[in-house]
Structure formats: C-alpha cells, structure tokens
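Note sheet for the following structure.
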Amino acid sequence: MPDTLLSAANLDAGVALTAAITTELVAEIRERHDLWPTATAAVGRLTTGAALFAAGLKGNERISLQIAGDGPLGQLAADAWLLDPQTIAARGYARNPRVELPVDARGKFNVSGAIGAGSLQVTRSSDVGQPYVGVVPIHSGEIAEDLALYLAQSEQIPSIVALGVLANPSGVVASGGILARALPGADERAIAALETRAAAMPPVTQLIAQGADVAGLLRELAGDVELRSHHAMTVRFACRCSREKVEAVLLGLGADELLQLTRERDRTEATCEYCKTHYVFTAGELRELAERL
C-alpha cells in the first residue's frame, strides 16, 4: 500500500486530526542519503512532520522545516508541498547522515542527543508574496514536542504531535505520525480527552507495525470523539530540483566567475542536497551560460 495521509475533524468539539503513514517515504530518503539508524529516525520524524503540516496547504504553498542544532547531525531540513489536490510530496536530509548513537534510557533512538541544542525554523511560502517564518528554540530535540511548541508559541494553536520511525541497519520497518489541533472555540473537555489518550496510547510505530492504517491511528487518538469530513491523500517522495534551477544558480555567479571555472576545470558538478541527483556542466556549457550574460 502506498503511504497515505488522512485528515478529519469534529467542528462541534473544535478539533482537527491528521494521521500519516510514511514508511515508504522515509525508506526512500534513507536509501538516497545512506542514513544510519539514528539519522533515519531524526530525518524521518522531521519529514513526516512536514507532511502532516502540508495537509492544510493550498495551491502552490510549501512548508519547510529546518533544525539547526549543535549535535552530530548538524542541520536537518524537510519540505512538503502539494503535487496535486490528492498528493503530498515531501523530501528531507541531514547534513551528516552517518550518525548513530546508543539508544536512550527508554530504549529508543537518541534523536535528542543527535540534534543537540539550537533552533527550529518553520517557513510557509508560495510562489507569490512574502513567506511566513517562525523560529523557536529546540525544547527537547524529540522533534514532535518541538513542533507542538512551535504551533503553540508562533501560531497560538494548542496541539498534540506524535511522530515515530522504527528503523534498523537493514531498513525502515515503520514510520508515521499524528497531528491534533485545536480549532477556534474548541471544547476544553475534548482537548483534555485527547491529551489523556495521547499520553496513554502506544507508540505510532508500534501501531503501524501491528497493521494499523491511517484511519486506525485517528481512532486510537480520537477515542469517543466522533470524526467527520475525512479527506485522504497519498504521500510520496519528490524533489523540486532541476537542471534549469542549477543553471540559474550558475548564472548568478556572473560571467567572469563562469569563465574562470572553465579555465580551472573541464567540468563543473553540483549535487542536490535533498535527492542526490548529480548535475554536470562541461566547460563549453559554462561558456554558453557566460555568453547569455
């Protein structure tokens, strides 16, 4: 089954829930970047969070999550956007993909230690207008808690965020997440009930590994809160890079710098940080770009 995201709401209670299974998405990112298990857990959580946030996007909007920490992972980033009204595209990477730490006291990936102290930046952008940027300090480094903190502080939205990646040296076993948000005028009793269930529910990856689908994840958190207006979407890996975009970066160097590159080497290479696609420009192609300037 392809990765899926499901959104639903109860307007009377004032809550909106979104669940996603991202096992194939995270597996592809792991393979493209040769991520080690702890790095897989960190990038997988962040990319799943971006996909959950993207469920509320419209048209050509895009959500970007960036973590700048002083831990061994360095910078982490994830993007998500709509490929079409029924498909969310997402991508992610870590500056240092080969990071593996001993598990923490709970027997889970030490993502917090791999990230360290720093900041989380959330950017909402589109092809027109100025982007909205919010930055919060890293609270725990567990990513889910930090995304909930961002929603509470920067957007004044009380929320519950649960993210998980179950991985081993052989690959990704399960990955997914749940996002619950309070709507304006939310029933405080409904919010309290969700918080109680969130604290008691099994890890998301355990539910997925046991066969739960996205509807099952929503039921696990919602409990007696009846959900309506279900909207399902497919989630898949995609990248926004292209040869044309790399050309635009090269043109930005200026004609003199491009000609200098042709004198120094026979070919100039560039690799996309997100998908690892390799672009090669010969000296002749660089001279043509310089002539265009």
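Using helices alone, I'd like the mean residue ellipticity at 222 nm for the chain: each DSSP H run of four-plus residues gives -39500 (n - 2.57), total over residue count, nearest 500. Kindly include the intermediate steps, with their values, before the conclusion.
Values: 10 runs with 102 residues, N = 293.
Theoretical 222 nm ellipticity from helices: -10500 deg cm²/dmol.
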- Obtain the radius of gyration and the Kirkwood radius of the range 66-173 from its C-alpha atoms and give Rg over Rh. 0.98
- Message: Once the convex hull of the alpha carbons of the range 243-292 is built, what does its volume come to per residue, in cubic angstrom?
- Response: 70
- Item | Karplus (6.51, -1.76, 1.60) ³J(HN,Hα), θ = phi - 60°, over the range 31-47, in Hz, Gly and Pro reported as x | 5, 5, 9, 6, 6, 7, x, 5, 5, 4, 4, 5, 5, x, 5, 5, 5
- Message: Compute and list, largest first, the equivalent-ellipsoid semi-axes of the chain from the alpha carbon gyration tensor, each √(5λ) rounded to a whole angstrom.
- Response: 37, 21, 17
- Note on the structure: Between A167 and residues 5 or more places away or on another chain, the pairs with built amide H atoms under 5 Å apart involve V173
- For W36, W81, what ranking results if the residue with the fewest other Cβ atoms within 10 Å of its Cβ goes first? W36, W81
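Compute the FRET efficiency between A232 and E257 as 1/(1 + (r/R0)^6), taking r as their Cβ-Cβ distance and R0 = 45 Å, and round to the nearest 0.05. Please list the in-between numbers first.
Values: r = 49 Å, r/R0 = 1.08.
Taking R0 as 45 Å, the efficiency between A232 and E257 is 0.40.
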- So what does the Cα-only Debye profile of the range 177-293 read at q = 0.12, 0.18 Å⁻¹, as log10 I(q)/I(0), no solvent term? -0.63, -0.95
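Determine, for each peptide in 22-29, 99-106, the mean count of other beta carbons within 10 angstrom over its residues, then list the peptides with the highest first. Walk me through the numbers before you get to the answer.
Numbers: 22-29: 24.6, 99-106: 12.9.
Taking the mean over residues of other Cβ atoms within 10 Å, the ranking is 22-29, 99-106.
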- Span from the the range 273-293 Cα centroid across to the the range 138-165 one, whole angstrom: 40
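Does the range 75-118 classify as rounded, prolate or oblate by the C-alpha gyration tensor (a ≥ b ≥ c root eigenvalues; a/c under 1.5 gives rounded; else a/b over b/c gives prolate, otherwise oblate)?
Numbers: a/c = 3.21, a/b = 2.23, b/c = 1.44.
Since a/c reaches 1.5 and a/b is larger than b/c, the shape of the range 75-118 is classed as prolate.
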- Rg over Rh [alpha-carbon atoms, Kirkwood Rh] for the range 163-213: 1.12
- With θ set to phi - 60°, apply the Karplus curve 6.51 cos²θ - 1.76 cosθ + 1.60 along the range 278-290 and write out the HN-Hα couplings as whole Hz, x wherever there is a Gly or Pro. 9, 10, 10, 10, 6, 4, x, 5, 5, 5, 5, 5, 5
- What are the ³J(HN,Hα) values, in whole Hz, obtained from phi via the Karplus relation 6.51 cos²θ - 1.76 cosθ + 1.60 with θ = phi - 60°, for each residue of the range 113-120 in sequence order, with x given for Gly and Pro? x, 6, 8, x, 8, x, 9, 10
- Give the span of the range 9-131's Cα atoms along each principal axis, as three whole-Å numbers ordered largest to smallest. 43, 35, 27
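Quick one: in the range 151-190, what % of C-alpha pairs are over 14 Å apart?
Tail of P(r) above 14 Å: 60 percent of Cα pairs.
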- Long-range HN-HN contacts of V99 with modeled amide H, under 5 Å: W36, A39
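Could you work out how much longer the chain between T271 and E285 gets when fully extended? Use 0.36 nm per residue separation minus the Cα distance between them, nm to one decimal. If you can, show how the numbers build up before the last one.
Numbers: separation 14, 0.36 × 14 = 5.04 nm, distance 1.71 nm.
Once the chain is fully extended between T271 and E285, it gains 3.3 nm.
Each reported figure results from applying straightforward, stated rules to the coordinates on display, with no laboratory input. Not measured: the values here are computed from a predicted model. Quick reminder, even Gly has a Cβ in these numbers, built from the backbone with ideal geometry, and neighbours come from all protein chains shown.
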